[in-house]
Structures are given as structure tokens and as C-alpha cells.
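Undergrad: Let me begin by handing over the structure; questions about it come next.
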Amino acid sequence: MIKGDQKKLRRIGIMGGTFDPIHYGHLVAAEIARSKFMLDMVVFVPSGHPPHKQNVPGHAEQRLMMALLATVTNPYFQISRSEIDRLGPSYTYDTLIEFSELYGQQSELYFITGTDAVLEMLTWRNAEMLIDMCRIIAATRPGYDLTDISRLPSNFCEKIEMLQVPALSISSSDIRCRIREGKPIKYLLPEAVETYIYKQRLYIKGRL
Ligand code: ATP
Ligand code: MG
């Protein structure tokens, strides 16, 4: 077989985020992406030090634990400590480099994001190099217009796959607000994560 014709063997989905806390919006987007793009696995990579967020209320290890609790029932979902263990700001570009070394050239990387995040892609570190390393799956998210993506430069648009997911108007910041105000969070996130949050007394006070 000619070298360039070799088929990519594995399709790896990477779901980046702060996951503070992880909720059903993240899980539904990841699962629908996995099924539609026939991904062999989706790796959730909680950000260690998100460069675009000033204050992250949840401790990294707690965010990682919640991601683990939320994904344990899905045999295709995995968790990575990559960004949490890396020193300095968590750049997606560095994560992609690490994953391409880990999974090898015969794997294809799919970075899964919501529409809000994909619209900010040009501000990401080494965005031009990053877009050459993966395909982007842009999941619909209530409040953000997927068609705005067509305004990104053409080399970005060519690599972006649009993904319609059932609209879940859930966000981590709203969940944190609800906890602070004593409102219910049941059915917005997996029960094990809800239990963990209350047990660890997360988001009750301090920064939102
Ligand atoms: P916060 O309100 O703290 O920003 P968040 O709910 O946006 O939290 P993040 O951890 O920032 O969660 O998001 C991780 C990724 O998941 C991003 O790409 C984001 O666009 C996507 N995402 C989050 N919530 C949803 C949702 N309800 N539907 C689709 N995608 C989502
Ligand atoms: Mg967000």
C-alpha cells in the first residue's frame, strides 16, 4: 500500500472543558459526536489552568473526580489528567500535540466543542497550527448561532463539522448559581456528581 493511502485506524474524540461541574450538556454533545462520527472513544480533558477564565471555583482534582463519576457508565468515555498535570496555562494546542504522540499518526483527532467555544477559536494559542492537527466538531448550544461559524477563515471552516444536538440550556455557571441560591440541580447533571457536590460542599460560597 502506498504510504499516503494508509487508512487512519482510530478516531479519537477529545472533549475539552473546565467541567466546573460537568453536566448533561457536555455528556450529550460527546455521546452524539461519538455516534455520528464513529469515534472509537471520547477522552474528557478537564482544563488545569484555563487561560480564558480568571477564577475557577472548583479545584482541579474535584473537577476531574466529577468528570470521572459522570463518565464511568459509558464504555467509550475516558478521562485524561493531561492538562491538570501540565504546568502553566492549559492550551488545547499542547494537548493535541500530546495526544498525537500518544495515539500515533494512524489516529485521527476530533476536538469536540460547543458553538460558543468554536467561535472563539481564532484567539486560541497557535490556532493556525492547531487546525491542521485535528477536525473540530462544533455542537449546537442554545443561545449561540451555528451559522456564525461560516465567518471564520476558510481553512478553519473546512475542518469544522457541525453537529446538531438536542438543545439543553444547561451551563456550569448556572448550576453554580443554583447551588449558591439553594435551588435544585437535580436532572441537570448525573446523580453521582450531584451527590459529590453536596458531600464536598462545593460552590456554596466563594467565587462563582
Ligand atoms: P461555564 O458556564 O462555567 O463556562 P460551561 O457549561 O460552558 O461552563 P465548559 O466547561 O465551559 O462548560 O464547556 C466545555 C465545552 O462544552 C465547551 O466547548 C462548551 O461549548 C460545551 N458545552 C457546555 N455546555 C453545553 C451545552 N449545554 N450544549 C452543548 N455544548 C456545551
Ligand atoms: Mg463555558
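Undergrad: Name the residues in the range 99-155 that are within 19 Å of the chain's Cα centre (by Cα), more than 16 Å from ligand 2 (Cβ to nearest atom) and at positive phi, would you?
TA: The answer is N126, and nothing else.
Undergrad: Consider I197 carefully, then state whether it is of a type in the set (A, V, I, L, M) and either within 16 Å of ligand 2 (Cβ to nearest atom) or at pLDDT below 95 (or both).
TA: Considered against the rule, which asks whether it is of a type in the set (A, V, I, L, M) and either within 16 Å of ligand 2 (Cβ to nearest atom) or at pLDDT below 95 (or both), I197 comes out as no.
Undergrad: Scanning for something within 11 Å of ligand 1 (Cβ to nearest atom), charged (D, E, K, R) and either within 24 Å of Y203 (Cα to Cα) or surrounded by fewer than 17 Cβ atoms within 10 Å (Cβ to Cβ) (or both), does the range 57-72 turn up at least one residue?
TA: Among the residues of the range 57-72, at least one is within 11 Å of ligand 1 (Cβ to nearest atom), charged (D, E, K, R) and either within 24 Å of Y203 (Cα to Cα) or surrounded by fewer than 17 Cβ atoms within 10 Å (Cβ to Cβ) (or both), which makes the answer yes.
Undergrad: Name, by its number, the condition in (1) under 19 Å from V118 (Cβ atoms); (2) open to solvent by 20 Å² or more (accessible area, probe 1.4 Å) that does not hold for M15.
TA: For M15, the failing item is (2).
Undergrad: If you go through the range 159-181 one residue at a time, how many are farther than 25 Å from I137 by Cα, touching a residue at least 12 places away in the same chain (Cβ under 8 Å) and more than 15 Å from ligand 2 (Cβ to nearest atom)?
TA: Residues flagged as farther than 25 Å from I137 by Cα, touching a residue at least 12 places away in the same chain (Cβ under 8 Å) and more than 15 Å from ligand 2 (Cβ to nearest atom) within the range 159-181 amount to 2.
Undergrad: Which residues, taken from the range 124-174, are in contact with a Ser or Thr (Cβ under 8 Å, 6 or more places away or on another chain), more than 14 Å from ligand 1 (Cβ to nearest atom) and open to solvent by 60 Å² or more (accessible area, probe 1.4 Å)?
TA: Answer for the range 124-174, where residues must be in contact with a Ser or Thr (Cβ under 8 Å, 6 or more places away or on another chain), more than 14 Å from ligand 1 (Cβ to nearest atom) and open to solvent by 60 Å² or more (accessible area, probe 1.4 Å): just R125.
Undergrad: Report, by residue number, each residue of the range 81-109 that is open to solvent by less than 20 Å² (accessible area, probe 1.4 Å), of a type in the set (G, A, S) and not in a helix (DSSP H, G or I).
TA: S90, S107
Undergrad: Still on this structure, please answer the following. Considering only the range 10-51, how many residues are in contact with a strand residue (DSSP E or B) (Cβ under 6 Å, 6 or more places away or on another chain), of a type in the set (A, V, I, L, M) and not in a strand (DSSP E or B)?
TA: Looking only at that region, the number is 4.
Undergrad: Next question, about the same structure. Here's a check for you: in the range 18-53, which residue that is more than 13 Å from ligand 1 (Cβ to nearest atom) and closer than 12 Å to L163 by Cβ is most open to solvent (accessible area, probe 1.4 Å)?
TA: K36
The values are calculated or read from the model by the stated rules, or taken from the named source; none is laboratory data. None of the values given here were measured: they were computed from a predicted structure. Every residue, glycine among them, receives a Cβ derived from its backbone with ideal geometry; neighbour counts consider all protein chains shown. Note: accessible area is taken over every heavy atom of the protein model, side chains too, but ligands, DNA and RNA are not part of it. Shrake-Rupley method; radii C 1.70, N 1.55, O 1.52, S 1.80 Å.
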